[in-house]
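Here the structure is laid out as structure tokens; the discussion comes afterwards.
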Amino acid sequence: AKGAGKGTWQRYRNDLHSAMVERLALRTALHEAVDAEQFVLQYQPIVDVRTQIVVGVESLVRWQHPDRGLLSPYHFIELAEENGAIVGIGEWVLRESLRQFAQWRAAGSTLRYISVNVSARQFRQPGFVDKVRAALSESGSRPEWLLLEITESLVLRDAEQVWADLETLRAVGVRIAIDDFGTGYSSLSYLRQMPVDVLKIDKSFIDDILASKQQRALVNAIVTLARNLDLTVVAEGIEHADQRAMLARMGCPYGQGYLFSRPVWPDDVPALTAAIVAG
Ligand code: C2E
Ligand code: CA
Ligand code: CA
Ligand code: CA
């Protein structure tokens with residue numbers, strides 16, 4: 001029994017060790033991955049909940065790792081935030097998203113906008129607003145085509161500089177979304193003052209929208225409040241037709257989720273835009 005215990009411990013230590021080595025290897029590789037052009041983007045449609053017409057797309061980064069294959073952001077975004085690589089990755093994502101979007105528009109796409117995730121660390125980097133301006137003009141994009149997704153905690157922390165930058169971006173014509181809305185700490189009364197345009201209601205609220213009366217009431221309250229504050233709403237993570245129907249009844253204008261489409265490669269976006277997705 002003692003021997004078995006020791007074996008388990010040894011295995012545990014080995015696992016722990018290899019997990020640490022793996023993290024360390026990824027962490028080091030992250031810094032070189034931008035220059036090595038190892039990041040790629042997929043795009044997920046954002047649709048009108050009522051008509052299911054595609055109105056925009058969100059760009060989602062993946063790491064095409066030379067040995068480990070296609071890695072989801074869950075494997076590296078947190079590491080990249082810790083070691084600062086997220087700044088370079090985020091800048092590439094912004095430029096590439098706008099380049100791609102401008103190309104679709106030039107080819108006649110009816111897409112209204114592209115939604116781009118921005119990490120707090122990237123947003124707080126000095127010169128962020130100028131980088132957004134540069135990415136817009138380099139790609140020949142109109143500011144109205146760009147929606148930046150930020151987190152609740154960013155809007156609440158460092159209020160002064162962040163709010164000033166948000167105001168500048170909005171004055172230019174760029175819109176701002178709060179991602180994963182409802183999972184943070186912003187009070188609903190504070191929402192009135194926040195320099196933002198769109199709330200993306202987190203998937204966790206949508207998951208239980210049919211089973212839980214409380215959850216339904218909460219989503220309904222957010223949708224109603226948003227409408228009265230002239231904010232747009234996107235419900236995230238819609239997987240089932242009855243969730244869509246419920247959200248449509250509540251008057252939730254926009255949605256995103258596997259029901260409509262998973263994130264797809266750039267070549268598949270034009271066809272998705274043209275189709276009215278069944279569901
Ligand atoms: P997010 O911004 O909340 O993006 C939505 C995530 O939910 C995406 O995962 C998407 O594929 C997934 N999703 C969409 N619809 C459904 C659904 O119906 N069911 C389920 N189960 N999942 C759904 P993904 O692409 O793995 O991205 C994960 C997170 O990584 C993102 O969450 C975002 O926080 C972060 N991320 C992705 N790309 C970037 C980026 O370019 N920059 C930064 N800073 N973060 C990024
Ligand atoms: Ca997002
Ligand atoms: Ca989200
Ligand atoms: Ca999320």
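Structure notes:
- Spin-label model, L16/K213: points 7 Å from Cα along the beta carbon direction are separated by 4.8 nm.
- Rounded Å value of the spacing that divides the Cα centres of the range 60-136 and the range 220-279: 22
- Comparing T183, T273, F205 along the charge dipole axis of the chain, the residue lying farthest to the positive side is F205, per the Cβ-charge model.
- Under Stokes-Einstein, with the Kirkwood radius over Cα pairs as Rh, the value for the range 120-166 at 25 °C and 0.890 mPa s is 212 µm²/s.
- Förster radius 25 Å - calculated FRET efficiency between E78 and W163 (Cβ-Cβ, nearest 0.05): 0.45
- Charge dipole (the range 1-130, unit charges on Cβ, about Cα centre) - positive-most of P73, A107, W9: W9
- Cα long-axis angle, helix 241-250 against the chain (0 to 90 degrees, to the nearest 10): 40
- The C-alpha atoms of the chain define a longest principal axis, and helix 85-106 lies at about 40 degrees to it.
- Value of Rg to Rh for the range 214-261 (Rh from inverse mean 1/r over Cα pairs, i.e. Kirkwood): 0.96
- Rounded, prolate or oblate (a/c below 1.5 giving rounded, otherwise prolate when a/b exceeds b/c) for the range 1-70 by Cα gyration tensor: oblate
- Computed over the alpha-carbon pairs of the range 144-188, the distance histogram in 10 Å steps reads 27, 53, 19 percent, short to long.
- Here A221 and R142 are evaluated by their C-beta separation; at R0 = 30 Å the FRET efficiency comes out at 0.35.
- Residue range of the chain that is longest and free of trypsin sites (Lys or Arg not before Pro) which are both DSSP loop and sparsely packed (at most 13 other C-beta within 10 Å): 158-279
- Gyration tensor verdict on the range 1-158 (Cα atoms; rounded if a/c is under 1.5, prolate if a/b is larger than b/c, oblate otherwise): prolate
- Its convex hull of Cα atoms gives the range 125-250 a direction-averaged projected area, equal to a quarter of the hull surface, of 8.5 nm².
- In plain terms, the bigger the Kirkwood radius, the slower the diffusion; for the chain, with that radius from Cα pairs, at 25 °C and 0.890 mPa s, Stokes-Einstein puts D at 121 µm²/s.
- Long-range HN-HN contacts of G257 with modeled amide H, under 5 Å: G237, I238
Since every read-out is calculated from the coordinates, none of them should be taken as a lab result. Because the structure is a prediction, the values reported are computed rather than measured. Cβ atoms come from the backbone with ideal geometry, glycine included; neighbour counts cover every protein chain shown.
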